[in-house]
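> Structure in structure tokens, see below.
Since every read-out is calculated from the coordinates, none of them should be taken as a lab result. What you see is a predicted model; the values in this text were computed from it and never measured. Cβ placement follows ideal geometry from the backbone for every residue including glycine, while neighbour counts extend to all protein chains displayed.
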Amino acid sequence: MSKTVVAFAPGRVELLGNHTDYNEGLVLAAAIDLGVTARAERLEADVLEVSSETNGRRAQASLDQRAPFTGDSAWANYPLGVIRTLRDAGLEVGGLRLQVSSNLPLGWGLSSSAAFEVSTALAALSLYDLSVEPMTLAKLCQKAENEFVGVQCGLLDQASSVFGREGEVIRLDFREVSASTVPMPAHAALLLVDSGVPHELSGGEYNERRAQCRAAAAALGVRALRDVTSKAVAAATSLDPVTRARALHITGENERVQAGVAALEANRLDDFGRLMFESHESSKRNFGNSTSFLDSLVEIAAATPGVLGARLTGGGFGGATIWLVEKAQAPAILQTVPEAYHRKTGATCKVLLTKPSQGARLLHG
Ligand code: GLA
């Protein structure tokens with residue numbers, strides 16, 4: 001019987017450290033308990049056959065195909081890009097049939113793309129008895145997305161999917177390109193509350209923010225915004241207002257990640273929650289990546305007993321918010337939020353209880 005391999009890679013939530021990854025900065029994130037499962041088996045021919053239970057589609061390509069899929073098959077660029085990138089890196093993955101399924105809600109900004117890439121890579125490597133270091137795996141998946149899918153994302157999503165640990169928050173340093181974990185206090189729970197307005201990374205705003213951060217670093221005479229403090233930015237009155245605001249967000253976020261690690265280590269969840277609210281305020285005022293719907297959710301969070309902190313998570317411009325809540329109060333909060341949101345905005349939100357979970361792994365094979 002031919003060998004079958006099954007790999008799972010989770011989505012992620014970003015808890016603090018917004019848009020810092022491509023500024024060589026710091027992030028606190030967690031893998032969640034939902035993600036993408038990829039089942040792979042070998043094929044004799046040098047082809048990739050992929051089918052998705054989630055969208056009901058199939059696609060097929062030669063392993064040497066350089067041109068990305070277009071139109072209805074564009075979703076298959078994630079696995080094709082991963083296989084091409086692995087082969088270009090000298091990892092001799094051969095022909096394979098891949099079946100994928102996802103239980104991640106789409107459009108919430110939980111990195112379903114990264115979960116798709118990482119599960120594909122893990123399944124394909126294991127099928128051909130190959131392996132790479134975890135950070136290399138994350139980087140190769142990011143490369144596939146940057147070069148093959150054409151989204152200029154940073155490394156956060158793939159690294160979070162790879163380095164997740166049950167009950168732990170991942171501290172990522174994108175200058176050192178390293179990951180470590182910090183335990184999440186047991187009485188905390190995480191809620192995802194989706195604004196109902198989908199998050200779209202392919203929109204031009206993400207790349208525009210990247211360019212603005214690069215311009216801010218150049219104007220401040222540093223290699224990356226990681227090299228400056230928020231105090232120095234605040235004092236740099238010659239910067240134009242937009243550049244200054246963007247730089248204040250990134251430098252403030254790096255500082256909030258450091259304060260957040262200290263708060264977790266001291267079991268001070270109130271402080272951690274306050275940092276999350278501050279982070280959202282900075283997204284809104286300085287980075288311009290919030291929406292009125294995300295703001296409404298965070299305002300509701302601030303007025304709800306048992307909520308310690310809330311903010312947008314990931315790229316922004318739509319998608320979900322992440323709430324840090326007292327575990328004992330989570331069921332009551334889950335009940336009341338949809339109605340409060342509907343009353344405030346007329347829109348419908350969806351709520352999901354999640355938890356810091358184990359990163360990408362083989363389920364079989
Ligand atoms: C998206 C990107 C990440 C990161 C976040 C913002 O999720 O894919 O690389 O930049 O936005 O922190």
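> Each residue of the stretch 216-228 in order: what ³J(HN,Hα) in whole Hz does its phi give by Karplus 6.51 cos²θ - 1.76 cosθ + 1.60, θ = phi - 60°, with x for Gly and Pro?
For the stretch 216-228, the Karplus curve yields 5, 4, 4, 5, 8, x, 10, 5, 8, 5, 4, 7, 10 Hz.
> Tabulate in residue order the Karplus-calculated ³J(HN,Hα) for the stretch 2-17, using 6.51 cos²θ - 1.76 cosθ + 1.60 with θ = phi - 60°, rounded to whole Hz; enter x for Gly and Pro.
With the stated coefficients, the stretch 2-17 comes to 6, 5, 10, 10, 10, 10, 10, 10, x, x, 9, 10, 9, 9, 7, x Hz.
> Separate question: Could you pull out every one of the aspartates and glutamates with an alpha carbon less than 15 Å from that of Lys344, ignoring same-chain neighbours closer than 8 positions?
Asp194, Asp295, Glu299
> Further question on the same structure: Just how large is the dipole of the chain about the Cα centre, in debye to the nearest 20, putting +1 at every Lys and Arg Cβ and -1 at every Asp and Glu Cβ?
I would put it at about 300 debye.
> Run the helix sum for the chain: -39,500 (n - 2.57) per DSSP H stretch of 4+ residues, divided by residue count, reported at 222 nm to the nearest 500 deg cm²/dmol.
It comes out at -12000 deg cm²/dmol, rounded to the nearest 500.
> How would you rank 311-320, 332-341, highest first, on the average number of other Cβ atoms within 10 Å across their residues?
311-320, 332-341
> Continuing with the same structure: Using 0.36 nm per residue of separation minus the Cα-Cα distance, give me the extension gain between Glu208 and Asp271 in nm, one decimal.
19.5 nm
> If you don't mind, there's one more thing I want to ask. Using 0.36 nm times the number of residues separating Lys3 and His364, minus their current alpha carbon distance, what extension gain do you get?
129.0 nm
> Please identify which residues in the stretch 77-103 have an amide N closer than 20 Å to a label point set 7 Å out from the Cα of Arg42, following the Cα→Cβ vector.
83-84, 86-88, 90-99
> At q = 0.07, 0.15 Å⁻¹, what base-10 log of I(q)/I(0) does the Debye formula yield for the chain when every alpha carbon is treated as an equal point scatterer in vacuo?
Rounded to two decimals, the profile gives -0.30, -1.26.
> Could you give the radius of gyration (one decimal) and Dmax (whole number) of the Cα atoms in the stretch 314-365, in Å?
15.1, 50
> Let me ask another. Kindly state, as a whole number, the per residue volume in cubic angstrom of the convex hull around the alpha carbon atoms of the stretch 175-226.
Roughly 153 Å³ of hull volume per residue.
> Taking only C-alpha pairs under 8 Å that are 6+ residues apart, what is the relative contact order of the stretch 185-354 in percent?
Relative contact order of the stretch 185-354: 35 percent.
> Mind ordering 174-181, 271-278, 5-12, 109-116 by average Cβ neighbours within 10 Å, highest first? Let's see the in-between values first.
Working: 174-181: 15.2, 271-278: 21.6, 5-12: 26.6, 109-116: 28.9.
Output ranking for 174-181, 271-278, 5-12, 109-116: 109-116, 5-12, 271-278, 174-181.
> To continue, here is another question. As an exercise, use a Förster radius of 22 Å and the Cβ-Cβ distance of Gln335 and Glu299 to find the FRET efficiency, rounded to the nearest 0.05.
After rounding, the FRET efficiency stands at 0.75.
> Now, a different point. When the chain is fully extended, how far beyond the present Cα-Cα distance does Ala215 get from Asp88, taking 0.36 nm per residue of separation?
Length gained between Ala215 and Asp88: 42.5 nm.
> Now, a different point. Can you tell me the relative contact order of the chain? Whole percent, Cα pairs under 8 Å, sequence separation 6 or more.
It rounds to 25 percent for the chain.
> Give the Kirkwood hydrodynamic radius (Å, one decimal) of the stretch 35-89, defined as one over the mean of 1/r across all pairs of different Cα atoms.
Roughly 11.9 Å, rounded to one decimal.
> Calculate how large, on average over all directions, the projected area of the Cα convex hull of the stretch 185-354 is; give the answer in nm² to one decimal.
Projected over every direction and averaged, the Cα hull of the stretch 185-354 covers 10.2 nm².
> Would you mind checking which residues have amide H under 5 Å from Gly11's amide H? H placed 1.01 Å from N; only 5 or more apart, or other chain.
It is Ile32, Leu34, Gly35, Val36, by chain and number.
> Can you pick out the pairs among Lys327/Lys350; Lys3/Lys139; Lys231/Lys355; Lys143/Lys350 whose Cα atoms lie more than 24 Å from each other?
Going by Cα-Cα distance, Lys3/Lys139; Lys231/Lys355; Lys143/Lys350 fall outside the 24 Å limit.
> Between Glu53 and Arg223, how many nm apart are label points set 7 Å from Cα along the C-beta direction?
The two pseudo-label positions are separated by 4.5 nm.
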